[in-house]
Amino acid sequence: MKIKKNMRFKNNVLPLLLGLFALALFTACSQESSTEDGETKQAIKDNKPPFNPKELRVAIAKANLNYWLEYNDSLSWEKVYRHREDFHIEFTIDKDGKITFDKSSDPNKLVFNSTKKEPESVYLFVIDYVDDKDAHFNWFLRENDLDYKYQNFFLYYPNNDNSNEWVTDHSKIPFEYAYVDKYKGKNTKKQGPVGIAGYMRFLKPNTKFDLTLGLFYSGKKTKFDADGKTSPFWTPSPELLKKGEWLSKFKIPIEVKD
């Protein structure tokens, strides 16, 4: 059983991690002069249409951290000292909210432990969107150098979406998420996470809520605010919201136990 579990981990999670490492380390060779928005005139001319997801694919594995840093846009891979083999989930969500678990998922349910029980444990989320032509978002970013236009957010709605507004007060959100992906496209000198890979920890035991993953596109401008920073994981900044549009929102039902 141990051998099978190890093989399953290598066959499913490790290729995803290696792909993300390669994507995160990818740097375009050329740099062009930038406009005041951090985007070149050529980039505006060659502006690609938004990537329109038809489904969301998620892989989740468990890991231990040396310690959890206060949120500062991202968390370096070096802080992870052990990826565990006792928890591995892969599933797909379509536009109607139907969840299909991969046969290799163990367990095949979305139940997590809180920091009260396991303060050192976090969950690695590896996220990919797929469009109606079966194109993958991760490769779309790399091939078109458009990471500076997209950001993935993790939204929390009170009362399980009975409200039309997500929570913008960080202190009222029952989870933390740290981006671990960073990119540098040829059309911008700035770096910032897209949010397709990161570590999550759940702060409140015995809770159930819908975690909403939202992909935002900044249109003809960059996702960076005037101060050069990206928005936090839990909400786009007011400045970013004025620039672009939501391309998709997918809900993941989360149950957190003690």
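Per the Cα gyration tensor, region 106-146 maps to an equivalent ellipsoid with semi-axes of 32, 14, 6 Å, ordered largest to smallest.
Rg over Rh for region 103-258 works out to 0.97, using Cα positions for both radii and the Kirkwood form for Rh. Each 10 Å bin from zero up to the one holding the largest Cα-Cα distance in region 166-238 carries the following percent of pairs: 15, 48, 27, 9, 1.
Report the local net charge at VAL111: Lys and Arg +1, Asp and Glu -1, summed over other residues whose C-beta lies under 9 Å from its C-beta.
Working: positive: LYS109, LYS257; negative: GLU255.
Once positives and negatives cancel, what remains is +1.
Note on LYS221: accessible area approximately 90 square angstrom, rounded to 10, probe 1.4 Å, nucleic acids and ligands left out. When peptides 120-129, 202-211, 92-101 are ranked by their average number of other Cβ atoms within 10 Å per residue, the highest-first order is 120-129, 202-211, 92-101.
Charge tally around ILE127: other residues with Cβ under 11 Å, Lys/Arg +1 each, Asp/Glu -1 each, net -1. Run a plain Debye calculation on region 101-177 (Cα atoms as equal point scatterers, no solvent) and give log10 I(q)/I(0) at q = 0.23, 0.24, 0.26 Å⁻¹, rounded to two decimals, same order as the q list. Log10 I(q)/I(0), no solvent term: -1.18, -1.17, -1.19.
With respect to the cross-link table entries LYS103/LYS249; LYS95/LYS251; LYS229/LYS249; LYS95/LYS208, which display a Cα-Cα separation exceeding 18 Å? Show your work: numbers first, answer last.
Values: LYS103/LYS249 25 Å; LYS95/LYS251 10 Å; LYS229/LYS249 23 Å; LYS95/LYS208 21 Å.
The pairs that break the limit, which is 18 Å between Cα atoms, are LYS103/LYS249; LYS229/LYS249; LYS95/LYS208.
Here the 3J(HN,Hα) profile of region 147-154, calculated from phi with Karplus coefficients 6.51, -1.76 and 1.60 at θ = phi - 60°, is 4, 6, 10, 10, 8, 9, 10, 10 Hz, Gly and Pro shown as x.
The values are calculated or read from the model by the stated rules, or taken from the named source; none is laboratory data. Everything numeric here is computed off the predicted structure, so don't read it as measured data. Don't worry about glycine lacking a Cβ; one is built from the backbone with ideal geometry, like all the others, and counts go over all protein chains shown. Only protein heavy atoms, including side chains, enter the accessible area calculation; ligands, DNA and RNA are left aside. Shrake-Rupley method; radii C 1.70, N 1.55, O 1.52, S 1.80 Å.
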